[in-house]
Amino acid sequence: MVEQVEPPSSDPSPVPVMTSGSYPARAGNRVRLLIDGLPAFRRICEAIDSAQRSVWTTIAFMWPAFEMPDSRGTALDALNQAAGRGLDVRIIFWRPDEETGSLRRNAFWGTAGHLSLLRNRYRHLNVRWDRASAGYCQHQKSWLIDAGMEGQTSFVGGINLNPNSMVAPGHAGEGQNHDVYLELSGPSAVDVQHNFVQRWNEASERDAMDGLCGAQAACPLPFPTTIPKQGGPSLVQIQRTVPGGRYCDGTAAPAAACFDIGAGEQTIAAQYIAALRGARSAIYIENQYVEVPEIVAELDRALARGVQVVLVMPAVPELVPRAYDALDRRAVFDARAALGRFPNFTFAGLAGRTRDGRRTPVYVHSKLMIVDDAWATVGSCNLHRFSLYGNCEMNAAIWCPAAVTQMRIELFREHLDLDTSGLDCRGALKAFQSVVRANRDRFIAGDPQWQGLAFGLDVTTYGRQRQFSALAIATGQEMPSLPTSC
């Protein structure tokens, strides 16, 4: 056990703004965290209903049968209704290549059937398909309402359009996901618009016979030239992962410095590292994967200097146990397991309640980090080598203690069924640790009467054993050993 070391200061963490990237940090934004699919898509639909000029969206994964909330029909139905009102509706879908072909079953990737569906039922929609570099994903998830207008609104996050995403906070069933979107209005919304235009104009399939659909799909878009007015207190920077060679047109966003996008962009990776290094008191992470050596090493250093760290991941990891036998990955998994030696480290998963009172695992799909209640990032980027260095990703980084603290309060209210508004960031993470350890004990005893959703996992065995199977969480019949730390 490593000796607990108090941090040198309780001041807000000095997380720097990235100075090399496509977009500057812009003051005067309003941000709002939308937790889980039902509230997020309900709010997005409200924004679509009130749109005056346009609705644009970038979609990585979508099931055609996925339905929006409140009897609005499928996502394509909701978008087509907006187009029927005369709005400019544009969609960029990811098209998997042969290396990522196994993911086609979850993507609307432009098959003959998909094209027929669009042409027969959704002819007012304008669609382009876009590949990533070989073996990677166009993973951005964003929605833009009234791009270019004074009141434009954007949504940046990680929620896919499939039935597992349509979950209400705190009420998860078998196989459902926890995820988030960030609603953004103000000057930084122009950078979400710029990203869309850059992708639309250079979508890889734009010249292919089956690469676009819709009356305006062949038409390029102009880059934005005006910045929306300020509407809130948050400093926000839109950050991306873009491999080199994806784009040629480096037209800068309004009031942004020129950036060589042809060489690629990795501002998300750089920002994650800088945020972890700057943390003084508390780091809270929700992520589908945490398996990048540099990230794990920075977490180890933060814990060693006394920072309180909470890491929330899927209770049942997606990776099969044999993945841990790969020599090129074993070291990072071992390093992650070693974080459990610190008493200030908490490792947790989520499990919801079924109608008959059982517990069932919730898949953590969110990509979110909070540092010192002063800085946060929300977006599509996993802490995985593909997301940080190969996919096309987009996150929004936020510098605003009031807004970031509110995010933490709302997340902990769901995960712990606890009001942490009276606690500072360090105290809130200690409360998180206490609750999940108690919930872990209840899990081992076969008692589903937990407080909230979060419960402690054993980082030393995570993924190496399937001890947190759906059966184990639902019935308590498969009992894992006690964790060395939660």
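A short reminder: the numbers here are calculations on the coordinates, not readings from a lab. Quick caveat: nothing in here was measured; it's all calculated off a predicted structure. Cβ: placed from backbone, ideal geometry, glycine included. Neighbour counts: every protein chain shown.
The relative contact order of the range 269-475 comes to 27 percent, based on Cα pairs under 8 Å that sit 6 or more residues apart. Between the helical axis of 293-304 and the longest alpha-carbon principal axis of the chain there is an angle of about 40 degrees. Sequence-ordered 3J(HN,Hα) estimates for the range 330-346 from the Karplus curve with 6.51, -1.76 and 1.60 and θ = phi - 60° stand at 4, 4, 6, 5, 5, 5, 5, 4, 5, 4, x, 6, 8, x, 8, 10, 10 Hz, glycine and proline given as x. The C-alpha atoms of the chain define a longest principal axis, and helix 189-201 lies at about 60 degrees to it. Taking 0.36 nm per residue of separation and subtracting the current Cα-Cα distance, fully stretching the chain between residue 437 and residue 424 would add 2.7 nm. PRE reach from residue 206 (point 7 Å along Cα→Cβ): which of the range 222-260 fall under 19 Å by backbone N? The answer is 222-225, 242-254, 259-260. Highest average first, the peptides 178-189, 345-356 ordered by how many other beta carbon atoms sit within 10 Å of their residues are 178-189, 345-356. Once both labels are positioned 7 Å from their Cα atoms along Cα-to-Cβ, the gap between residue 341 and residue 358 label points is 4.0 nm. Angle of helix 112-121 to the longest C-alpha principal axis of the chain, folded into 0 to 90 degrees and rounded to 10: 60°.
The distance linking the range 270-305 with the range 80-136 is 36 Å (Cα centroid to Cα centroid, whole angstrom).
Projecting label points 7 angstrom from Cα along Cα→Cβ for residue 331 and residue 71 puts them 5.9 nm apart. According to the square roots a ≥ b ≥ c of the eigenvalues of the Cα gyration tensor, what is the shape class of the range 269-475, taking rounded for a/c under 1.5, prolate for a/b larger than b/c otherwise, and oblate for the remainder? Oblate. Given their separation in residues at 0.36 nm each and the Cα-Cα distance between them, residue 252 and residue 451 gain 66.7 nm when the chain is fully extended.
Taking the Cβ of residue 390 as the centre, find all other residues whose Cβ is under 12 Å away and add up their charges (Lys, Arg: +1; Asp, Glu: -1). It works out to a net charge of 0.
Would you please classify the overall shape of the chain from the alpha carbon gyration tensor, given that a ≥ b ≥ c denote the square roots of the eigenvalues, rounded means a/c under 1.5, and beyond that prolate means a/b larger than b/c while oblate covers the rest? Verdict is prolate for the chain. Overall, the chain carries a charge dipole of about 380 debye about its Cα centre when +1 sits on the Cβ of Lys and Arg and -1 on the Cβ of Asp and Glu, all other atoms neutral.
Extension gain for the segment residue 98 to residue 216, taken as residue separation times 0.36 nm less the Cα-Cα distance, is 39.6 nm to one decimal.
Looking only at the chain, where both bridge partners belong to it, what percent of the DSSP beta bridges are antiparallel (to the nearest 5)? Show your work: numbers first, answer last.
Details: 55 of 81 bridges.
Of the beta bridges lying entirely in the chain, close to 70 percent run antiparallel.
Cross-link partners for residue 430 among the lysines, with Cα-Cα distance under 29 Å and sequence neighbours closer than 8 places in the same chain left out: 367.
Given the rule -39500 (n - 2.57) for each run of at least 4 DSSP H residues, summed and divided by the residues of the chain, what is its mean residue ellipticity at 222 nm, to the nearest 500 deg cm²/dmol?
-8000 deg cm²/dmol
Here the label points at residue 223 and residue 19, each 7 Å from Cα along the C-beta direction, are separated by 2.3 nm in the simple model.
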